1. Heavy-atom accessible area per residue, the range 116-213, 1.4 Å probe: how many Å²?
2. With a 10 Å radius around each residue's Cβ, average the other Cβ atoms per peptide and rank 284-291, 111-118, 225-232, 263-270, highest first.
3. If you take the beta carbon distance between T55 and A286 as r and set R0 to 51 Å, what does 1/(1 + (r/R0)^6) give as a FRET efficiency, to the nearest 0.05?
4. Which value, in Å² and to the nearest 10, is the accessible area of S206 when all protein chains are kept and the probe is 1.4 Å?
5. Please state the shape class of the range 47-89: rounded when a/c is under 1.5, otherwise prolate if a/b exceeds b/c and oblate if not, all from the C-alpha gyration tensor.
6. Take the solvent-accessible surface of the protein heavy atoms, probe 1.4 Å, and return the percent of it on the range 84-230 that carbon and sulfur atoms account for.
7. Starting from the residue with the highest accessible area, list R173, R280 in decreasing order, probe 1.4 Å.
8. So how many Å³ per residue does the convex hull of the Cα atoms of the range 76-218 work out to?
Amino acid sequence: MTSNVKESFGHSAPPAPAALAAKVRTLAPSMTRSMQRVAEAVAGNPAGCSALTVTGLAELTGTSEATVVRTARLLGYPGYRDLRLALAGLAAQQESGQSPAVTADIAVDDSLADVVAKLAYDEQQTLADTAAGLDTAQLAACVDALAGGRRIDIYGIGASGLVAQDLAQKLLRIGLIAHAHADPHLAVTNAVQLRPRDVAIAITHSGTTGDVIEPLRTAFERGATTIAVTGRPDGAVCQYADHLLTTSTARESELRPAAMSSRTSQLLVVDCLFVGVAQRTYETAAPALSASYEALAHRHDPRSGRR
(Lines give C-alpha, C1' and ligand atoms only; values in the text may rest on other atoms or scores of the structure.)
Protein backbone atom coordinates (compact mmCIF):
# COMPACT_ATOMS: atom_id res chain seq x y z
CA MET A 1 0.00 0.00 0.00
CA THR A 2 1.33 3.42 -0.82
CA SER A 3 2.22 5.91 1.88
CA ASN A 4 -0.53 8.40 1.09
CA VAL A 5 -3.14 5.69 1.70
CA LYS A 6 -1.56 4.85 5.02
CA GLU A 7 -1.43 8.50 6.03
CA SER A 8 -5.07 9.00 5.12
CA PHE A 9 -6.07 6.01 7.22
CA GLY A 10 -4.03 7.33 10.10
CA HIS A 11 -6.02 10.57 10.13
CA SER A 12 -9.45 8.95 9.75
CA ALA A 13 -11.91 9.41 12.61
CA PRO A 14 -12.49 6.36 14.85
CA PRO A 15 -15.43 4.25 13.66
CA ALA A 16 -18.77 4.83 15.35
CA PRO A 17 -19.93 2.17 17.82
CA ALA A 18 -22.35 0.69 15.29
CA ALA A 19 -19.49 0.26 12.82
CA LEU A 20 -17.33 -1.81 15.18
CA ALA A 21 -18.80 -5.21 14.32
CA ALA A 22 -18.55 -4.42 10.60
CA LYS A 23 -14.93 -3.36 11.03
CA VAL A 24 -14.12 -6.63 12.81
CA ARG A 25 -15.74 -8.69 10.03
CA THR A 26 -13.83 -6.79 7.37
CA LEU A 27 -10.39 -6.82 8.99
CA ALA A 28 -10.41 -10.18 10.80
CA PRO A 29 -9.00 -12.16 7.84
CA SER A 30 -5.92 -9.93 7.77
CA MET A 31 -5.25 -10.16 11.53
CA THR A 32 -2.95 -12.52 13.38
CA ARG A 33 -4.71 -15.28 15.29
CA SER A 34 -4.10 -13.55 18.65
CA MET A 35 -5.53 -10.29 17.33
CA GLN A 36 -8.52 -12.17 15.94
CA ARG A 37 -9.25 -13.49 19.44
CA VAL A 38 -9.32 -9.95 20.80
CA ALA A 39 -11.47 -8.67 17.92
CA GLU A 40 -13.93 -11.56 18.20
CA ALA A 41 -14.21 -11.03 21.95
CA VAL A 42 -15.06 -7.34 21.74
CA ALA A 43 -17.50 -7.82 18.86
CA GLY A 44 -19.18 -10.80 20.53
CA ASN A 45 -19.51 -9.33 24.03
CA PRO A 46 -19.16 -5.54 23.91
CA ALA A 47 -20.84 -5.03 27.28
CA GLY A 48 -18.56 -7.45 29.11
CA CYS A 49 -15.38 -6.27 27.40
CA SER A 50 -16.17 -2.59 27.97
CA ALA A 51 -15.85 -3.24 31.70
CA LEU A 52 -12.37 -4.76 31.39
CA THR A 53 -9.03 -3.03 31.66
CA VAL A 54 -6.46 -3.67 28.95
CA THR A 55 -4.89 -6.25 31.27
CA GLY A 56 -8.25 -7.92 31.87
CA LEU A 57 -9.02 -8.22 28.17
CA ALA A 58 -5.55 -9.60 27.49
CA GLU A 59 -6.07 -12.27 30.18
CA LEU A 60 -9.57 -13.09 28.88
CA THR A 61 -8.31 -13.66 25.34
CA GLY A 62 -5.02 -15.31 26.27
CA THR A 63 -3.02 -12.56 24.60
CA SER A 64 -0.82 -9.66 25.70
CA GLU A 65 -1.59 -6.02 26.49
CA ALA A 66 0.42 -5.02 23.42
CA THR A 67 -1.78 -7.25 21.24
CA VAL A 68 -4.93 -5.65 22.67
CA VAL A 69 -3.62 -2.15 21.93
CA ARG A 70 -2.51 -3.14 18.40
CA THR A 71 -5.95 -4.62 17.73
CA ALA A 72 -7.67 -1.43 18.93
CA ARG A 73 -5.50 0.66 16.62
CA LEU A 74 -6.07 -1.65 13.65
CA LEU A 75 -9.81 -1.28 14.21
CA GLY A 76 -9.38 2.49 13.92
CA TYR A 77 -9.15 3.64 17.56
CA PRO A 78 -6.22 5.74 18.86
CA GLY A 79 -5.95 3.54 21.95
CA TYR A 80 -7.71 1.01 24.16
CA ARG A 81 -9.60 3.69 26.09
CA ASP A 82 -11.31 4.82 22.88
CA LEU A 83 -12.21 1.23 22.05
CA ARG A 84 -13.78 0.76 25.50
CA LEU A 85 -15.95 3.84 24.97
CA ALA A 86 -17.11 2.46 21.62
CA LEU A 87 -17.85 -0.91 23.22
CA ALA A 88 -19.99 0.74 25.88
CA GLY A 89 -21.89 2.63 23.17
CA LEU A 90 -22.41 -0.53 21.14
CA ALA A 91 -23.66 -2.41 24.21
CA ALA A 92 -26.19 0.33 24.90
CA GLN A 93 -27.44 0.19 21.31
CA GLN A 94 -27.82 -3.58 21.47
CA GLU A 95 -29.79 -3.38 24.71
CA SER A 96 -32.28 -0.97 23.17
CA GLY A 97 -32.73 -2.93 19.95
CA GLN A 98 -33.72 -6.41 18.87
CA SER A 99 -31.51 -9.18 17.56
CA PRO A 100 -32.09 -10.16 13.93
CA ALA A 101 -34.60 -12.96 13.50
CA VAL A 102 -32.87 -14.64 10.60
CA THR A 103 -29.37 -15.54 9.49
CA ALA A 104 -27.98 -16.12 6.02
CA ASP A 105 -27.09 -19.79 6.53
CA ILE A 106 -29.23 -21.31 3.78
CA ALA A 107 -30.00 -25.01 4.03
CA VAL A 108 -30.77 -27.23 1.07
CA ASP A 109 -34.27 -27.93 2.43
CA ASP A 110 -35.17 -24.30 3.20
CA SER A 111 -38.45 -23.07 1.73
CA LEU A 112 -38.27 -20.35 -0.88
CA ALA A 113 -39.81 -17.96 1.67
CA ASP A 114 -36.92 -18.68 4.04
CA VAL A 115 -34.39 -18.26 1.22
CA VAL A 116 -35.86 -14.85 0.37
CA ALA A 117 -35.80 -13.75 4.01
CA LYS A 118 -32.25 -14.95 4.61
CA LEU A 119 -30.84 -13.48 1.42
CA ALA A 120 -32.60 -10.17 2.04
CA TYR A 121 -31.16 -10.01 5.55
CA ASP A 122 -27.67 -10.86 4.34
CA GLU A 123 -27.81 -8.27 1.55
CA GLN A 124 -28.88 -5.64 4.08
CA GLN A 125 -26.05 -6.62 6.43
CA THR A 126 -23.52 -6.55 3.60
CA LEU A 127 -24.59 -3.03 2.61
CA ALA A 128 -24.59 -1.84 6.23
CA ASP A 129 -21.12 -3.28 6.84
CA THR A 130 -19.73 -1.70 3.70
CA ALA A 131 -21.25 1.71 4.47
CA ALA A 132 -19.99 1.60 8.04
CA GLY A 133 -16.45 0.72 6.98
CA LEU A 134 -16.16 3.03 3.98
CA ASP A 135 -13.57 5.78 4.48
CA THR A 136 -15.28 8.94 3.26
CA ALA A 137 -11.96 10.82 3.04
CA GLN A 138 -10.69 8.18 0.62
CA LEU A 139 -14.02 8.27 -1.23
CA ALA A 140 -13.77 12.05 -1.64
CA ALA A 141 -10.23 11.74 -3.00
CA CYS A 142 -11.42 9.16 -5.53
CA VAL A 143 -14.32 11.38 -6.60
CA ASP A 144 -11.89 14.28 -7.12
CA ALA A 145 -9.63 12.11 -9.27
CA LEU A 146 -12.49 10.79 -11.39
CA ALA A 147 -14.14 14.19 -11.83
CA GLY A 148 -10.89 15.66 -13.12
CA GLY A 149 -9.68 12.59 -14.98
CA ARG A 150 -8.84 12.68 -18.68
CA ARG A 151 -9.51 8.97 -19.11
CA ILE A 152 -10.70 6.23 -16.76
CA ASP A 153 -9.83 2.53 -17.06
CA ILE A 154 -11.58 -0.03 -14.84
CA TYR A 155 -10.35 -3.61 -14.32
CA GLY A 156 -12.39 -6.54 -13.03
CA ILE A 157 -12.67 -10.29 -13.65
CA GLY A 158 -15.73 -12.53 -13.22
CA ALA A 159 -18.38 -11.02 -10.93
CA SER A 160 -16.11 -8.02 -10.34
CA GLY A 161 -15.99 -7.57 -14.11
CA LEU A 162 -19.76 -7.03 -14.12
CA VAL A 163 -19.31 -4.32 -11.49
CA ALA A 164 -16.54 -2.72 -13.58
CA GLN A 165 -18.90 -2.61 -16.58
CA ASP A 166 -21.63 -1.06 -14.44
CA LEU A 167 -19.32 1.76 -13.31
CA ALA A 168 -18.01 2.39 -16.83
CA GLN A 169 -21.55 2.66 -18.23
CA LYS A 170 -22.58 5.08 -15.50
CA LEU A 171 -19.57 7.34 -16.07
CA LEU A 172 -20.04 7.28 -19.85
CA ARG A 173 -23.61 8.52 -19.46
CA ILE A 174 -22.42 11.67 -17.70
CA GLY A 175 -19.87 12.43 -20.38
CA LEU A 176 -16.67 10.92 -18.97
CA ILE A 177 -14.30 8.75 -21.00
CA ALA A 178 -14.44 5.40 -19.18
CA HIS A 179 -13.76 1.83 -20.26
CA ALA A 180 -14.11 -1.48 -18.44
CA HIS A 181 -11.56 -4.20 -19.23
CA ALA A 182 -12.28 -7.87 -18.48
CA ASP A 183 -9.63 -9.21 -20.86
CA PRO A 184 -6.32 -9.13 -18.93
CA HIS A 185 -4.21 -8.69 -22.07
CA LEU A 186 -6.25 -5.71 -23.30
CA ALA A 187 -6.24 -4.30 -19.78
CA VAL A 188 -2.42 -4.23 -19.68
CA THR A 189 -2.02 -2.88 -23.22
CA ASN A 190 -4.45 -0.07 -22.40
CA ALA A 191 -2.80 0.63 -19.04
CA VAL A 192 0.51 1.20 -20.83
CA GLN A 193 -1.07 4.25 -22.50
CA LEU A 194 -2.18 5.90 -19.26
CA ARG A 195 -0.55 9.09 -17.99
CA PRO A 196 -0.91 11.54 -15.09
CA ARG A 197 -4.50 12.88 -14.90
CA ASP A 198 -5.73 9.46 -16.02
CA VAL A 199 -7.39 7.14 -13.47
CA ALA A 200 -7.23 3.35 -13.15
CA ILE A 201 -9.59 1.39 -10.90
CA ALA A 202 -9.08 -2.25 -9.89
CA ILE A 203 -12.08 -4.15 -8.50
CA THR A 204 -11.18 -7.39 -6.74
CA HIS A 205 -12.81 -8.76 -3.62
CA SER A 206 -9.85 -10.97 -2.68
CA GLY A 207 -7.24 -8.34 -3.47
CA THR A 208 -5.07 -11.05 -5.00
CA THR A 209 -6.43 -11.41 -8.56
CA GLY A 210 -3.33 -11.29 -10.75
CA ASP A 211 -5.24 -10.33 -13.91
CA VAL A 212 -6.42 -7.19 -12.12
CA ILE A 213 -3.23 -6.41 -10.20
CA GLU A 214 -1.01 -6.42 -13.31
CA PRO A 215 -2.82 -3.63 -15.21
CA LEU A 216 -3.17 -1.57 -12.02
CA ARG A 217 0.58 -1.88 -11.41
CA THR A 218 1.23 -0.81 -15.00
CA ALA A 219 -1.06 2.21 -14.59
CA PHE A 220 0.63 3.07 -11.28
CA GLU A 221 4.05 2.97 -12.92
CA ARG A 222 2.82 5.25 -15.72
CA GLY A 223 1.80 7.89 -13.18
CA ALA A 224 -1.98 7.47 -13.36
CA THR A 225 -4.03 7.86 -10.19
CA THR A 226 -4.88 4.35 -9.03
CA ILE A 227 -7.82 3.13 -6.95
CA ALA A 228 -8.45 -0.32 -5.45
CA VAL A 229 -11.93 -1.51 -4.48
CA THR A 230 -11.37 -4.63 -2.38
CA GLY A 231 -12.53 -6.57 0.64
CA ARG A 232 -8.94 -7.18 1.76
CA PRO A 233 -7.03 -4.02 2.78
CA ASP A 234 -3.91 -6.19 3.12
CA GLY A 235 -4.25 -7.63 -0.41
CA ALA A 236 -1.45 -7.41 -2.97
CA VAL A 237 -3.51 -5.02 -5.12
CA CYS A 238 -3.15 -2.33 -2.43
CA GLN A 239 0.59 -2.02 -3.12
CA TYR A 240 -0.27 -0.17 -6.32
CA ALA A 241 -3.26 1.84 -5.08
CA ASP A 242 -3.07 5.55 -4.37
CA HIS A 243 -6.53 5.27 -2.83
CA LEU A 244 -8.31 2.34 -1.20
CA LEU A 245 -12.05 1.69 -0.86
CA THR A 246 -12.89 -1.36 1.23
CA THR A 247 -15.96 -3.53 0.91
CA SER A 248 -17.38 -5.89 3.52
CA THR A 249 -16.00 -9.41 3.82
CA ALA A 250 -18.33 -11.81 2.02
CA ARG A 251 -20.13 -14.44 4.06
CA GLU A 252 -19.84 -17.54 1.91
CA SER A 253 -21.89 -20.72 2.21
CA GLU A 254 -22.33 -23.83 0.09
CA LEU A 255 -25.41 -22.45 -1.64
CA ARG A 256 -24.27 -18.84 -1.76
CA PRO A 257 -20.85 -18.18 -3.31
CA ALA A 258 -18.79 -15.26 -2.00
CA ALA A 259 -19.13 -13.57 -5.40
CA MET A 260 -22.80 -12.81 -4.69
CA SER A 261 -22.11 -10.97 -1.44
CA SER A 262 -18.98 -9.22 -2.69
CA ARG A 263 -20.83 -7.94 -5.76
CA THR A 264 -23.47 -6.35 -3.55
CA SER A 265 -20.90 -4.38 -1.57
CA GLN A 266 -18.94 -3.43 -4.70
CA LEU A 267 -22.07 -2.06 -6.37
CA LEU A 268 -22.70 0.17 -3.35
CA VAL A 269 -19.18 1.60 -3.63
CA VAL A 270 -19.66 2.09 -7.39
CA ASP A 271 -22.92 3.97 -6.81
CA CYS A 272 -21.25 6.18 -4.19
CA LEU A 273 -18.47 7.00 -6.65
CA PHE A 274 -20.91 7.74 -9.47
CA VAL A 275 -23.18 10.00 -7.42
CA GLY A 276 -20.18 11.84 -5.99
CA VAL A 277 -18.76 12.46 -9.47
CA ALA A 278 -22.17 13.49 -10.83
CA GLN A 279 -22.50 16.02 -8.01
CA ARG A 280 -19.01 17.37 -8.60
CA THR A 281 -19.54 17.73 -12.36
CA TYR A 282 -23.23 18.59 -12.27
CA GLU A 283 -23.10 21.39 -14.86
CA THR A 284 -21.87 18.98 -17.52
CA ALA A 285 -23.21 15.72 -16.06
CA ALA A 286 -26.88 16.75 -15.97
CA PRO A 287 -27.09 17.71 -19.69
CA ALA A 288 -25.15 14.57 -20.67
CA LEU A 289 -27.49 12.36 -18.65
CA SER A 290 -30.54 14.04 -20.16
CA ALA A 291 -29.13 13.58 -23.65
CA SER A 292 -28.56 9.87 -23.06
CA TYR A 293 -32.14 9.45 -21.80
CA GLU A 294 -33.50 11.31 -24.82
CA ALA A 295 -31.41 9.26 -27.24
CA LEU A 296 -32.88 6.02 -25.86
CA ALA A 297 -36.43 7.22 -25.18
CA HIS A 298 -37.85 5.87 -28.43
CA ARG A 299 -36.75 2.36 -27.45
CA HIS A 300 -39.08 2.48 -24.47
CA ASP A 301 -42.05 4.04 -26.27
CA PRO A 302 -44.19 1.45 -28.11
CA ARG A 303 -45.86 4.25 -30.11
CA SER A 304 -42.56 5.34 -31.62
CA GLY A 305 -41.95 4.30 -35.21
CA ARG A 306 -38.18 4.56 -34.85
CA ARG A 307 -36.12 1.39 -34.91
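1. 40
2. Numbers: 284-291: 14.0, 111-118: 12.4, 225-232: 26.8, 263-270: 22.5.
Per-residue mean Cβ counts within 10 Å order the peptides as 225-232, 263-270, 284-291, 111-118.
3. It comes to 0.30.
4. 50
5. Oblate is the answer for the range 47-89, as a/c is 1.5 or above yet b/c matches or exceeds a/b.
6. 56
7. R280, R173
8. Taking the convex hull of the Cα positions in the range 76-218, it is 187 Å³ per residue.
The values are calculated or read from the model by the stated rules, or taken from the named source; none is laboratory data. Note that this is a predicted model, so its numbers are computed, not measured. All Cβ positions, glycine included, derive from the backbone under ideal geometry; neighbour counts span all protein chains shown. Heads up: the accessible areas ignore ligands, DNA and RNA and are worked out on the full protein's heavy atoms, side chains in. Shrake-Rupley method; radii C 1.70, N 1.55, O 1.52, S 1.80 Å.
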